[in-house]
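Written below as structure tokens is the structure these notes are about.
No lab work stands behind these numbers, since they all come straight from the coordinates. Please read these numbers as outputs of a predicted model, since none were measured by experiment. Glycine gets a Cβ as well: all are built from the backbone with ideal geometry, and neighbour counts include every protein chain shown.
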Amino acid sequence: MKVAGVGVITGWGRGVEALPADAAATAGGRYVVAIPRPAPPGDRLRRATRECLLGIGAVEELLQTVARPASELAGPGTALLYVTASAYGAANRAFLGARGGTLHFPYTAPSAVPAEVAIEYGLCGAYVNFIGGAAATVDALWYAGSLLERGACTQALVLAVETFAECADLYRRARWLAAGPLVEAAACALLRPGGRRAEYDPDPVGVDAARRRTGQTFACEPLIALAVAGGDPAAVAGRWRGRRAGLRRL
Amino acid sequence: MRDPVAIVAAGVVTPIGQDLDAFWSSLLTGGAGITRIERFPVADLGVGLGGEIKKLPPAPRRAPECRASRLLLAAASELRSGGGALLARDPARLAVVVGTALGGVAEGERALAGAAGLRTLAGALYDSPARNLARGLGARGPVLTVSTACASGATALGVGAELVREGVADVVVAGGYDVLCRFVMKGFDVLRALTRDAIRPFDRRRSGTLLGEGAGLVLLAREQDAAAGPRLGRLLGHASGSDGSHIAAPDPNGRGLEYSVRAALAEAGVAPTAIDFVSAHGTATPLNDRVETNVLKRVLGRRAHEIPVNSIKGYMGHTMGAAAALEAIMCLLAARHGVIPPTFGLEDPDPECDLDYVPRTPRAARPRIMLSTSAGFGGCNASLVLEGV
């Protein structure tokens, strides 16, 4: 498979150009580097959660990066593979906090983010949501490669979204899970057939490649690493809760 | 057409039976899995009924408290009877793929209510129960959690089969789970999606679904690796599809469901005319059952009215992430035993749902090629094509 482009939004700003050289130093003691809630035009997304809007924002950023119209995504030919470790946390917590009446229950599901993306861009093809951090994103990239190779889609979006602000207090208490700074991010890669076959690597080297610049972005990290590498790295890898996964000869 | 993947063994924990034999027996005799929920308060909810498992099987030593993990570990213990040799082979080549709509949210509910500590809160992460299952199995291969709402179990089987086909793993434990908790009961209550009556799939009087809990797992391996031992059947094809239509309701035209059925058949290399039996999603919501009927008619064509179709949600409620895995296992048991369980709760067929929904009594039949359909919030759809032995 070939990486046609990657759209990236982080707490540092839009695109990889906004990434600092050293996330920890630039965070200046902030534990969470948040992205403000986007303000989409129109009324359709008025009930959508912030993570849904960030997912759509990442696709918009991708479309600008590859200079293609949104209409090229529509239809059954585009697969959507979504990954997150944490983005359902805010909605789950809000609903658990007896504020359920104000939050539309279906938005508590991890599948809400890709659902809004699918509705926004008219995607009606292959569709899987992977839960986990960077290792799960590698799984999604591998699965996208498999779909492309067997002709189950003509192109694939691998989308990752991570939000932390609403659960910052919990993450702060659970630093053993992830040292800061936690940097909110949304990233979307557009994959097309061709190039060399990607081989699954259960024990890769070079995990956490982008972390020094990005901070902790969980599932977004491998996609940001792809963007930093110009979409054509020799390998991509990730780690989450002790599990490692990688792809070679991407 | 993709290579078939062998389904070597299965394990279940459900409100109607905590092993394959009890589960199967209840499907044929109409064992009632719907009861008043007792494990958490429901008095303030419009509906307090569900498919609750009243007593979990004994936990293995050092098992986590997490109910979802306990369900998975209990279902996995049954895999050893048919697939023990494969499970014991090479831990590094043993993978786990589980699907869930809720993950460990029940743990989050406990922790945020102050009933448990921060470690318990980590159990609320959606991927925690899969990690506990992998630890219990001693699996050191990839451990994946997928969440396509109530289609998650089918997605897990499909992704698991792909891990086997692509040589990422030799053996995969795949399936789905979910537990009843206040979080989900309250959510469905707010949506007014639960019925105060019984679950009546494809019935004129159907008025909504009820939720249930459970876990269903299968052991997947390459055909050649499974050749020597017993097996339940084969997974021939899987596909998932997005509606791209609505955050909660199914697409009225069933676009994503139809895509997933057609793509799964294509992956299996099976013509619609070859289907012997369909396990429908059949939630008993007015819209789902009508949409599903129309999709089956479009895909199966003239034969649609000749093919038996059932829904087993009336027995135990909609078990969400477990549902598709349990339904796939039901298909394989139907092929093995030569009997199709009836659609429990269907008494007065809806004229708009006019397929052969196997009402009232079990049907003697020996289906070989079977289709199982699933759908969920967010326009998630998934279909499986299975072959029984």
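Some values worked out for this structure:
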quantity	calculated
All lysines inside 17 Å of residue A:2 as judged from Cα atoms, apart from same-chain residues fewer than 8 positions distant	none
Order by protection proxy (mean Cβ within 10 Å, highest first), peptides A:213-220, B:207-214, A:202-209, B:231-238	A:213-220, B:207-214, B:231-238, A:202-209
Cα centroid separation - segment A:203-243 against segment B:150-178, whole Å	25 Å
Three-way shape call for chain A based on the alpha-carbon gyration tensor, with the a/c threshold at 1.5	oblate
Charge tally in the Cβ shell below 13 Å around residue A:150, where Lys, Arg are +1 and Asp, Glu are -1, residue A:150 excluded	-2
Pairwise label distance in nanometres, residue A:39 with residue B:204, each label 7 Å out on the Cα-Cβ vector	5.5 nm
Cut-off 14 Å between beta-carbons: net charge of the residues surrounding residue B:244, Lys and Arg +1, Asp and Glu -1	-3
Inter-chain shielding of A:114-124 (mean C-beta neighbours from other protein chains, 10 Å cut-off)	6
Order of B:26, B:260, A:86 under a 10 Å beta carbon neighbour criterion, fewest first	B:26, A:86, B:260
Shape category assigned to segment B:228-340 from the gyration tensor of Cα positions, a/c cut at 1.5	prolate
Angstrom value of the Kirkwood radius, inverse mean 1/r, which spans all Cα pairs in the protein assembly as shown	23.9 Å
Relative contact order, percent, segment A:2-248 [alpha-carbon distance under 8 Å, six or more residues apart]	30 percent
Residue exposure sequence - B:107, A:60, B:38, B:387 - by fewest surrounding Cβ within 10 Å	B:38, A:60, B:387, B:107
Calculated FRET value between residue B:43 and residue A:149, using beta carbons and R₀ = 56 Å, to 0.05	0.55
Antiparallel bridge percentage (DSSP; both residues within the protein assembly as shown; nearest 5)	65 percent
Additional length obtainable on full extension of the chain from residue B:298 to residue B:89, 0.36 nm per residue less Cα span	70.8 nm
Efficiency of FRET between residue B:361 and residue A:176 - r from beta-carbon atoms, R0 41 angstrom, step 0.05	0.15
Relative contact order (%) - chain B, alpha-carbon pairs under 8 angstrom, separation at least six	23 percent
Fluctuation leader among B:42, B:295, B:12 - chain B, Gaussian network, Cα springs under 10 angstrom	B:42
Three-way shape call for segment B:113-209 based on the alpha-carbon gyration tensor, with the a/c threshold at 1.5	oblate
Gaussian network model of chain B, Cα within-10 Å springs - most flexible of B:304, B:322, B:22	B:22
Separation of alpha-carbon centers, segment B:362-389 and segment B:267-327, rounded to whole Å	6 Å
Value of [θ]222 nm, deg cm²/dmol, for the protein assembly as shown, DSSP H segments ≥ 4, -39500 (n - 2.57) each, nearest 500	-9500 deg cm²/dmol
Gaussian network model of chain A, springs between alpha carbon atoms under 10 Å - residue of A:180, A:55, A:230 with greatest fluctuation	A:230
Antiparallel bridge percentage (DSSP; both residues within segment B:5-388; nearest 5)	70 percent
Summed residue charge, Cβ within 12 Å of residue B:352's Cβ, Lys/Arg positive, Asp/Glu negative	-1
Among A:64-72, A:13-21, A:117-125, the order from most to least packed when residues are scored by Cβ within 10 Å on average	A:117-125, A:13-21, A:64-72
Shielding by partners, peptide B:103-110 (average Cβ within 10 angstrom, other chains)	2
Two-site FRET efficiency, residue B:119 against residue B:1, from Cβ-Cβ distance with R₀ of 45 Å, rounded to 0.05	0.45
Within 10 Å of each Cβ in B:232-242, the average number of Cβ atoms from other chains	4
